[in-house]
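Quick notes on the structure that follows.
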Amino acid sequence: MNATLEHPPQDVSAAFRIGDHQISAAHPAYVIAEAGVNHDADVNQALRLIDAAVEAGADAVKFQVFTAAEIATSAARKADYQQGAAGASQRDMLSQLELSDGDFARLRSHCEATGIHFLATPFSETDVRRLLRLAPPAIKTASTDLNNHLLMRAVSGAELPLIVSTGAATADEIDAAVDNLTRRGARGRVALLHCVSCYPTPLEAANLGAIPALAERFRVPVGYSDHTTSVITGALAVSLGAVILEKHFTLDRNASGPDHSMSLDPAQLAEYTRYARDAYAARGCGAIGMQPLEREVRAVARKSLVARVTIPAGALITRDMLTAKRPSGGIQPDQIETVIGQRARIQIAGDEPLQWDMLA
């Protein structure tokens, strides 16, 4: 990592909000259901995706705002995982997956009506302008645009929270991107998503340990853009500190579009979200020490020093006169060295817990 670039420490718990959601370790992870292009250019299918995201308990549903001619040249080939999708090139494929501004307006309105945040990823400066007309609560950028200063200049000027994916980027590139956004006035508005740009990502390549590493390095909220097909990886990410999760989903994993097969179906998305919520609940506050709900077991199962045999009044107490037994309430076992060598003030019956007033 480039040691010459300095980032002032930033309190991760500082106010970072997406709409009415506080984004921090003190709140459940913000779950983004990534519809992406799984609407197949059918606005009615996109509306059903929104409904599925709401039913699954997600906080936001995200689409992609682009025009094929601006996102790729005619020579740009499809990635290996896209080969089954229609179209000879990326531009051909993407041209069949575009939605109009009117379509997006309908989707935005439906999100508002159903109580879920509308998010989208823009891919060009023109797309940023289109997106801002929809008044999203935040902007999500794709990993492949991490070093796209044209796009980053446009999104940083929008004065909205920025959720920035880091897939396929080197450590130095991430460092430079955060530095660039900071210089453009976005400090305090940036969250990073650990991401592995492989579709789908094998579980053994998820590298979830990068989540706390990014949080430590950049002092910004950190989440996970999850390209595995697992329903548990979100929970694992939350246990490592992720405060935002993004997961692709579809209505039909067998459909022919580029992202359907690596997406979760609605039932799996609901399971994914539920596990993430459970992980947050299980993580707790992290404080070391006894919780109130442990008191009953502590009282019953902790031990006291107990007379192994009857100890006559006036006797000098020795180690072989003592043992430790349940329940608590007597002299605690860690005080045994203090008790040894004292005299019994009264006779102590065998199997009786010792109290301090029994000792001379």
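The values are calculated or read from the model by the stated rules, or taken from the named source; none is laboratory data. Bear in mind that the values here come from a model prediction, so they are computed numbers and not experimental data. Every residue, glycine as well, gets a Cβ built from its backbone with ideal geometry; the counts of neighbours run over all protein chains shown.
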- line: Within the range 144-161, residues surrounded by fewer than 20 Cβ atoms within 10 Å (Cβ to Cβ) and either among the small types (Gly, Ala, Ser) or in a strand (DSSP E or B) (or both) come out as GLY157, ALA158
query: Restricting attention to the range 313-353, which residues are under 25 Å from VAL300 (Cβ atoms), of a type in the set (Lys, Arg) and in a loop (DSSP other than H, G, I, E, B)?
result: ARG326
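Out of the helices (runs of 4 or more DSSP H) lying entirely within the range 195-301, which hold 3 or more residues that are over 18 Å from the mean Cα position of the chain (by Cα) and of a type in the set (A, V, I, L, M)?
Working: elements: 210-218, 233-239, 266-283, 295-301.
Correct list: 295-301.
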query: Take the residues of the range 120-130 that are part of a helix (DSSP H, G or I) and in contact with a Leu (Cβ under 9 Å, 6 or more places away or on another chain): which is surrounded by the fewest Cβ atoms within 10 Å (Cβ to Cβ)?
result: GLU125
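Going by what's in this entry, would ASP51 be described as part of a loop (DSSP other than H, G, I, E, B) and either at pLDDT 95 or above or acidic (Asp, Glu) (or both)?
Numbers: part of a loop (DSSP other than H, G, I, E, B): no; either at pLDDT 95 or above or acidic (Asp, Glu) (or both): yes.
When the stated conditions are applied, ASP51 does not pass them.
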- request: Would you check if there is a residue in the range 167-184 being surrounded by 19 or more Cβ atoms within 10 Å (Cβ to Cβ), touching a residue at least 24 places away in the same chain (Cβ under 8 Å) and touching a Gly at 6+ places or on another chain (Cβ under 7 Å)?
  value: no
field: Residue that is surrounded by the fewest Cβ atoms within 10 Å (Cβ to Cβ), among those in the range 193-237 that are without any contact (Cβ under 8 Å) to a residue 60 or more places away in the chain and among the hydroxyl-bearing types (Ser, Thr, Tyr)
entry: SER197
- request: Check PHE123, PHE66, PHE118 and return the single one that is modelled with pLDDT under 95, touching a helix residue (DSSP H, G or I) at 6+ places or on another chain (Cβ under 6 Å) and within 21 Å of ILE32 (Cβ to Cβ).
  value: PHE66
